[in-house]
Amino acid sequence: MENAIDPAAIIAFPPPRSRQPLRNICAVTEDIPLQLLYSAYMQGIFPWFNEDEGDPVLWYSPEPRFCLRMEQLHVPRSIDRFLKHTPFTYTMDRCFTRVMEACRDMNRSGQNGSWIGEKMLAAYTAFHRAGYAHSIEAWHGNELAGGFYGVLIGSVFCGESMFTRESESSKSAFVLFARAFAACGGRLIDSQVYTENIARYGAANISRDAFLRLEKEYLYLPLEGNLEETFTVLAASCAARGQ
């Protein structure tokens, strides 16, 4: 099968370069084969490049690494209050490709264009079909108000991108997901590089070596519960309170 992944057939990446102009880059390829994408995440590596500018596929392992250990999860009171009266409903894996496209199309301060091109869309949609990439959606009625997507392997979730069309939509969706993830035994949310948004929840920079030590254990540690069911129950509880 073209989209099959063999978890035992890990393709080894070289160590990341330590000097410019390719600092933190482990490899350069033309495409994103599914087995290579899986192998990358199993080694703390991810693709990040600007397809619109003709870049090849660059495979990163940044130093330092920005991540959230679930025992350090902090939910701001403002989000807790919002969730008690949220106007949104929340789903998981309802429309993965639409979420990716919305992340691609979102205007971001200080950023010209998006790293989410056709190669990324095709690769992560295939990863989603293989059961590794997931989306979280916030809906206002029948309209997609916000959400995010990422990769789940073992008890590690690697957040990729987020979009917001209505205030607090993606923030509240993230908090519900993080709580469901923690309740199911999730250990680590990898945000890859610093973002102010994820920092508010307790994420911090750690060294690449420390991150890889955590991943070595957590990637092979399965969740203890059904994440989608747990998330759905939490989301339904919020929806009932908001009515």
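Computed with a 1.4 Å probe over protein heavy atoms only, the accessible surface of the chain comes to 48 Å² per residue. For the range 75-87, putting each phi into the Karplus relation 6.51 cos²θ - 1.76 cosθ + 1.60 with θ = phi - 60° gives couplings of 9, x, 4, 4, 6, 4, 5, 4, 5, 6, 9, 4, x Hz, in residue order, rounded to whole numbers and with x for Gly and Pro.
By the rule of a C-alpha distance below 20 Å, with chain neighbours fewer than 8 residues away ignored, the lysines paired with residue 84 are 171.
I'd like the trypsin sites (Lys or Arg not before Pro) in the range 1-89 restricted to DSSP loop residues with at most 10 other Cβ atoms within 10 Å, sorted by number. Qualifying residues, ordered by number: 19, 84. Loop-located GluC sites (Glu not before Pro) across the range 143-197 with a Cβ neighbour count of 16 or fewer within 10 Å are 166, with loop assigned by DSSP. Each residue was assigned an accessible area with a 1.4 Å probe, and for residue 149 the value is about 0 Å². Relative to the current alpha-carbon distance between residue 217 and residue 204, full extension at 0.36 nm per residue lengthens the span by 2.8 nm.
Name the shape class, rounded, prolate or oblate, that the alpha-carbon gyration tensor gives for the range 15-135, where a ≥ b ≥ c are the square roots of its eigenvalues, rounded holds for a/c under 1.5, and otherwise prolate holds if a/b is larger than b/c and oblate otherwise. Because a/c hits 1.5 or more and a/b exceeds b/c, the range 15-135 counts as prolate. By the Cα gyration tensor, the chain has an equivalent ellipsoid whose semi-axes, rounded to whole angstrom, run 29, 20, 18 from largest to smallest.
In this simple spin-label model, placing a label point 7 Å from the Cα along the Cα-to-Cβ direction at both residue 165 and residue 12 gives a separation of 4.7 nm.
Dividing the summed -39500 (n - 2.57) terms of all DSSP H runs of n ≥ 4 by the residue count of the chain sets its mean residue ellipticity at 222 nm at -10000 deg cm²/dmol.
Qualifying GluC sites (Glu not before Pro) in the range 1-92, where qualification requires a DSSP coil assignment and no more than 12 other C-beta atoms within 10 Å, comprise 2, 30.
Dimensions of the range 126-225 from C-alpha coordinates, computed as largest minus smallest value along each principal axis and given longest first, are 42, 30, 26 Å.
Taking the 1.4 Å solvent-accessible surface of the chain as the whole, the part contributed by carbon and sulfur is 49%.
Quick check on the range 104-165: take the gyration tensor over C-alpha atoms, sort the square-rooted eigenvalues as a ≥ b ≥ c, and tell me if it's rounded (a/c under 1.5), prolate or oblate. Judged from the Cα gyration tensor, the range 104-165 comes out oblate (a/c at least 1.5, b/c at or above a/b).
Applying the Karplus relation 6.51 cos²θ - 1.76 cosθ + 1.60 with θ = phi - 60° to the range 191-197 yields 3J(HN,Hα) values of 9, 6, 10, 4, 9, 4, 4 Hz, where x marks Gly and Pro.
The values are calculated or read from the model by the stated rules, or taken from the named source; none is laboratory data. Here the structure is a predicted model, which means the values were calculated and not measured. Using ideal geometry, Cβ is built from the backbone for each residue, glycine included, and neighbour counts are taken over all protein chains shown. Just so you know, the surface numbers come from the protein's heavy atoms only, side chains and all, with ligands and any DNA or RNA stripped out. Shrake-Rupley method; radii C 1.70, N 1.55, O 1.52, S 1.80 Å.
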